[in-house]
1. Just give me the residues in the stretch 21-37 being at pLDDT 80 or above and either outside any loop (DSSP other than H, G, I, E, B) or open to solvent by 70 Å² or more (accessible area, probe 1.4 Å) (or both), in sequence order.
2. Pull up the stretch 164-196, narrow it to residues that are modelled with pLDDT of 85 or more and touching a Phe, Trp or Tyr at 6+ places or on another chain (Cβ under 6 Å), then point me to the one that is surrounded by the fewest Cβ atoms within 10 Å (Cβ to Cβ).
3. Taking interchain pairs and intrachain pairs at least six residues apart, which have beta carbon atoms under 6 angstrom, with the first residue in the stretch 14-38 and farther than 15 Å from V64 by Cβ and the second open to solvent by 90 Å² or more (accessible area, probe 1.4 Å) and among the acidic types (D, E)?
4. Got a sec? Which of V78, V51 is hydrophobic (A, V, I, L, M, F, W, C), touching a Leu at 6+ places or on another chain (Cβ under 8 Å), open to solvent by less than 80 Å² (accessible area, probe 1.4 Å) and not in a helix (DSSP H, G or I)?
5. Scan the stretch 171-190 and give yes if some residue there is within 30 Å of A46 (Cβ to Cβ), touching a strand residue (DSSP E or B) at 6+ places or on another chain (Cβ under 8 Å) and either not in a loop (DSSP other than H, G, I, E, B) or not hydroxyl-bearing (S, T, Y) (or both), otherwise no.
6. How about the stretch 1-19: which of its residues are open to solvent by less than 90 Å² (accessible area, probe 1.4 Å) and either under 20 Å from R75 (Cβ atoms) or part of a loop (DSSP other than H, G, I, E, B) (or both)?
Amino acid sequence: RVVAEGDALVGTWAADCGAAGLVGRAVGVDGLEAARIDALVRVTLADGRVVRGVVRAGTPLFVVPAREAPGAILRAYVGIGVAHILGGLDHLLFVAGLLMLVPTRRLLIETVTAFTVGHSVTLSLAVLDLVRLPGAPIELCIALSVFWLAVELARDPGERPSLVRRKPWLMAGAFGLLHGLGFASALQEVGLPAGDVPLALFAFNLGIELGQLTFVGAWLTAAALLQRVPLSLLDWRWPDWLQQLPLYAMGALAAFWCLERAAALLR
């Protein structure tokens, strides 16, 4: 069967490979060069083991291994984790919001650490099937978290500091629990190798953290460079509206996601 999922087509086949099985044989996808796309091939064997590989126009086949080596699992799931966080704009916007919210380096470390601990806990619990929640409401709540953070950032700085500004690590940890459930949904869609679930879970979470640290490092570097620009322009400062523009863009995009995901729940 072939079904459309978002902008992708997902095809599923059941194959009887006889007594020899599928191990050691090559599988892949035809027509990738003409279509100019890559494909993720995920094979669930009769013994429950799951193997996967990305096939491209130049390498349209991959060989089903007898058992994936730990190093191969580690590399594969670290890559999946990095790709997921760097490709997840909602998660990145939330992290960007935390970076804009926190005024000091120490508080920034505490806040990012709290977010990391929060999403690591729920990611592990959900993947190990200790927590079960539907994915669609979770995605809506993640969009709401980004919108709420944008509203908090847009508040008048002259107002009395809210609890969020006084203890941002508390809010980051709470919303981290929510974002971890979103990470778990993505990992469960990819699948986990039977017998190597802890290693795959660790590698995926490591990839999430590496991608997050890469984003934080890039953000802080860009912010440091921008702070030097007014000095070269003799007392010229950024206009207030320009400083608020990223916040309103973040809020508008999050509001769109909220409406889009709420509508999906009603279908």
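1. R25, A26, V27, G28, D30, L32, E33, A34
2. Applying the filter and picking the extreme gives G176.
3. Nothing qualifies.
4. Criteria check complete, one pass: V51.
5. There is at least one residue in the stretch 171-190 that is within 30 Å of A46 (Cβ to Cβ), touching a strand residue (DSSP E or B) at 6+ places or on another chain (Cβ under 8 Å) and either not in a loop (DSSP other than H, G, I, E, B) or not hydroxyl-bearing (S, T, Y) (or both).
6. Hits for the stretch 1-19 are G6, T12, A15, C17, G18.
Yes or no, residue by residue, for (1) in contact with an Asp or Glu (Cβ under 6 Å, 6 or more places away or on another chain); (2) over 29 Å from G71 (Cα atoms); (3) modelled with pLDDT under 90:
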| position | (1), (2), (3) |
| --- | --- |
| H91 | no, no, no |
| V102 | no, yes, yes |
| R106 | no, yes, yes |
| D129 | no, no, yes |
| V146 | yes, yes, no |
| R160 | no, yes, yes |
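Quick grid of which residues meet (1) modelled with pLDDT of 80 or more; (2) assigned to a helix (DSSP H, G or I); (3) not polar (S, T, N, Q):
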site: L226; (1), (2), (3): no, yes, yes
site: Q243; (1), (2), (3): no, yes, no
site: Y248; (1), (2), (3): yes, yes, yes
site: W257; (1), (2), (3): yes, yes, yes
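The values are calculated or read from the model by the stated rules, or taken from the named source; none is laboratory data. The structure presented is a predicted model; accordingly, all values stated were derived computationally and were not measured. In this analysis, Cβ positions are derived from the backbone assuming ideal geometry, glycine residues included, and neighbour counts consider all displayed protein chains. All accessible areas refer to the heavy atoms of the entire protein, side chains included, with ligands and DNA or RNA removed. Shrake-Rupley method; radii C 1.70, N 1.55, O 1.52, S 1.80 Å.
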